[in-house]
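Participant: I have a structure here, written as structure tokens, and I will follow up with some questions on it.
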Amino acid sequence: MNTLLLALSAAQLFRFFSFRHSSSTIPALPNNKVIFDKAVAAPNIDTIVSLAKRRGFVFPSSEVYGGLGSAWDYGPLGVELCNNVKQAWWRWIVYDRDDIEGIDSSIILNRLVWQYSGHEATFHDPLVDCRECKSRLRADKLEIPDEARGTPVVELIQQKRLKCSNCGSNDLTEPRNFNMMFRTTLGAAAAEEDPSALAYLRPETAQGIFINFLNVQTAMRRKIPFGIAQIGKSFRNEITPGNFILRTREFEQMEMEYFVKPDAEHLKLVDEWVEQYLDWFRGLGISNDDLKLHEVPADELAHYSKRTVDILYRYFPERAEEERQWEELMGIAYRTDFDLRSHSSKAVDAEGTRVNPDSTEDLSYFDEATKQRFYPHVIEPAAGVNRTVLALLMDAYSEKSNDKGETRVILKLSPRLAPIKAAILPLAKNKPEIVGMAKAIKRSLQPQLRAVYDDTGGIGKLYARQDEIGTPFCVTVDHQSLEDEAVTVRDRDTWEQERIKVSELAEYLQNRLKE
């Protein structure tokens, strides 16, 4: 029988083990007995940084040359997790709805796009320099004493009441605007100072959607309301990037522009999208206790926004002040008709002057039912892949101890997001029959779910390794498997084990992954 097992393909193996067998729960092995379960999120971002590098989620970029500030490379597990997040979002926002289309626009757009979108003139942060240590800081991120809140930052700097977050000096320059768009030049012979060759790496994916509004609406025969979604890289020359993948100069966005009539209940629509995204994040496994809403004050709104609500995540639970524990996870903005009007050839201002003399297309919409032409208004939910991944890693982090006092890290990711769904482990790697059966099972599962084979340690260490990277199920092939055609399936979160027939394994795992 052992010789036969080695000769069979994975598909044949499953047909060979075709008779049914009822699964039964068996107790965990003695050395896995749980005596303590610390079901809390990561205590700080540094905990995740250590885990991410050790287990292949995220590496410092250009590390062999000393690294590059706030640049990160996603390793084998990180890219899988990011892809799973993006696929979950795309499925939810595009496939599960009937009113949203998807596109993928160019990273480098005509410079005029950024001129008329307002980014050339307004997409900047207030920059201050520390004269003592030469650090560059964002003025709006300086820590303001409680008694000075409400006082303009310029006055506080002049009064020496604000300190450098790096060295503690109060010798700061007055704020000045710093445009965050990355510049580049187009054309092999173009000089760097040639304005006609100037272009930018996009600071947001939204503008690629707006300039394609008419293309999508016409090609897909869409009627208002409808949305256009896009996932893609954006680039911002941040003054003070940091905190791992939370704030980087290169990041990936999941944006959607939802086009509605001018008389729609825009503010109510913002609230509706906020609730939908809260439900989505909770469905991914993020605790409601680590989410909160922030209504952006009118004087802090972007130039295109009439209302913005941010969903915050508790990225800094270690900070004593509760207010400083939160950072933006995503934002939902009401952009009015600003963008479509700005890029339209026929739009005029209050004096009747064309808003955009360079555009060749009118991006207005004609409503056949009312026989009216108008520029649609826009509700924009904009989420970041990187920030979502960091929130998921922090929320999934937990620890368990066994009766030996050993503490194990368990990454309780949602099974559908886990980079690896099942790890196939041979109990004895020096037994060709067991190894052959384990590899055949792995091959048979691979087309249906992400599975790996691992024999690089003892079974206890293999379990611990898979727990730490969030693998929901470990499938162990042992000596008994050769006789009863069954394997042991171990649950990541409970450490409980079940004996499952090989012929039923794929269906069993797929059902469990849907839980």
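The values are calculated or read from the model by the stated rules, or taken from the named source; none is laboratory data. Worth saying up front: this structure is predicted, and the values here are computed from it rather than measured. Cβ: placed from backbone, ideal geometry, glycine included. Neighbour counts: every protein chain shown. Ligands, DNA and RNA are stripped out before the accessible areas are found, and what is left, the full protein with its side chains, is counted by its heavy atoms. Shrake-Rupley method; radii C 1.70, N 1.55, O 1.52, S 1.80 Å.
Participant: Output the residue which, of all residues in the stretch 434-460 that are assigned to a helix (DSSP H, G or I) and open to solvent by 50 Å² or more (accessible area, probe 1.4 Å), is farthest from SER401 (Cα to Cα).
Facilitator: ARG443
Participant: Please state which one of GLU250, GLU204, GLU257, GLU275 is among the charged types (D, E, K, R), under 20 Å from the mean Cα position of the chain (by Cα) and over 30 Å from TRP72 (Cα atoms). Even if it seems obvious, please write down each step before you answer.
Facilitator: Working: GLU250 fails: over 30 Å from TRP72 (Cα atoms); GLU204 fails: over 30 Å from TRP72 (Cα atoms); GLU257 fails: over 30 Å from TRP72 (Cα atoms).
Criteria check complete, one pass: GLU275.
Participant: I've got another one for you. Does VAL378 satisfy the condition of being open to solvent by less than 10 Å² (accessible area, probe 1.4 Å), under 30 Å from ARG307 (Cβ atoms) and in contact with a Lys or Arg (Cβ under 6 Å, 6 or more places away or on another chain)? Explain how you work it out, then say what you get.
Facilitator: Details: open to solvent by less than 10 Å² (accessible area, probe 1.4 Å): yes; under 30 Å from ARG307 (Cβ atoms): yes; in contact with a Lys or Arg (Cβ under 6 Å, 6 or more places away or on another chain): yes.
When the stated conditions are applied, VAL378 passes them.
Participant: Looking at the stretch 103-125, which of its residues are polar (S, T, N, Q) and open to solvent by 40 Å² or more (accessible area, probe 1.4 Å)?
Facilitator: SER106, ASN110, GLN115, THR122
Participant: Can you list residue pairs whose Cβ atoms sit under 9 Å apart, with the first residue in the stretch 324-342 being without any contact (Cβ under 8 Å) to a residue 24 or more places away in the chain and the second being buried (at least 20 other Cβ atoms within 10 Å of the Cβ)? Count only pairs 6 or more apart in sequence or on different chains.
Facilitator: Correct list of pairs: GLN325/ARG314; GLN325/TYR315.
Participant: Test SER359 against the stated conditions and say whether it is in contact (Cβ under 8 Å) with a residue 60 or more places away in the chain, farther than 21 Å from THR248 by Cβ, among the polar types (S, T, N, Q) and open to solvent by less than 60 Å² (accessible area, probe 1.4 Å).
Facilitator: yes
Participant: Which condition does THR218 not pass, out of (1) open to solvent by 50 Å² or more (accessible area, probe 1.4 Å); (2) outside any helix (DSSP H, G or I), if it passes all the others?
Facilitator: Going through the list (1) open to solvent by 50 Å² or more (accessible area, probe 1.4 Å); (2) outside any helix (DSSP H, G or I), THR218 breaks only (2).
Participant: Looking at (1) farther than 30 Å from PHE366 by Cβ; (2) not in a strand (DSSP E or B); (3) not aromatic (Phe, Trp, Tyr), which is the only condition LYS233 fails?
Facilitator: For LYS233, the exception is condition (2).
Participant: Could you list, in sequence order, all residues of the stretch 126-172 that are of a type in the set (Ser, Thr, Tyr), under 34 Å from the mean Cα position of the chain (by Cα) and open to solvent by less than 40 Å² (accessible area, probe 1.4 Å)?
Facilitator: Across the stretch 126-172, the qualifying residue is only SER135.
Participant: Among (1) open to solvent by less than 30 Å² (accessible area, probe 1.4 Å); (2) out of contact with any Phe, Trp or Tyr (no Cβ under 8 Å at 6 or more places or on another chain); (3) β-branched (Val, Ile, Thr), where does ILE100 come up short?
Facilitator: (2)
Participant: So how many residues does the stretch 363-374 have that are open to solvent by 30 Å² or more (accessible area, probe 1.4 Å) and not basic (Lys, Arg)?
Facilitator: Counting residues in the stretch 363-374 that are open to solvent by 30 Å² or more (accessible area, probe 1.4 Å) and not basic (Lys, Arg) gives 5.
Participant: Restrict the check to the stretch 386-403 and report whether at least one residue is more than 30 Å from ARG222 (Cβ to Cβ), of a type outside the set (Val, Ile, Thr) and exposed (fewer than 13 other Cβ atoms within 10 Å of the Cβ).
Facilitator: Yes, the stretch 386-403 contains at least one residue that is more than 30 Å from ARG222 (Cβ to Cβ), of a type outside the set (Val, Ile, Thr) and exposed (fewer than 13 other Cβ atoms within 10 Å of the Cβ).
Participant: Any residue that is part of a strand (DSSP E or B) and of a type outside the set (Phe, Trp, Tyr) - is there at least one of those in the stretch 240-248?
Facilitator: Checking the stretch 240-248: at least one residue is part of a strand (DSSP E or B) and of a type outside the set (Phe, Trp, Tyr).
Participant: I want to confirm something. Restricting to the stretch 354-378 and keeping residues that are closer than 16 Å to ILE211 by Cα and of a type in the set (A, V, I, L, M), which single residue is nearest to the chain's Cα centre (by Cα)?
Facilitator: So, considering only residues that are closer than 16 Å to ILE211 by Cα and of a type in the set (A, V, I, L, M), the one nearest to the chain's Cα centre (by Cα) is VAL378.
Participant: Follow-up question, since we're still on this one. Given the structure, is ALA418 in a loop (DSSP other than H, G, I, E, B), touching a helix residue (DSSP H, G or I) at 6+ places or on another chain (Cβ under 8 Å) and closer than 30 Å to LEU390 by Cβ?
Facilitator: Taking the combined requirement at face value, the residue satisfies it.
Participant: For the stretch 314-330, does any single residue satisfy the condition of being among the basic types (Lys, Arg), closer than 20 Å to ALA264 by Cβ and not in a loop (DSSP other than H, G, I, E, B)?
Facilitator: No, the stretch 314-330 contains no residue that is among the basic types (Lys, Arg), closer than 20 Å to ALA264 by Cβ and not in a loop (DSSP other than H, G, I, E, B).
Participant: When the stretch 190-202 is examined, which residues are found to be outside any loop (DSSP other than H, G, I, E, B) and either surrounded by fewer than 14 Cβ atoms within 10 Å (Cβ to Cβ) or of a type in the set (Phe, Trp, Tyr) (or both)?
Facilitator: Answer for the stretch 190-202, where residues must be outside any loop (DSSP other than H, G, I, E, B) and either surrounded by fewer than 14 Cβ atoms within 10 Å (Cβ to Cβ) or of a type in the set (Phe, Trp, Tyr) (or both): PRO195, SER196, TYR200.
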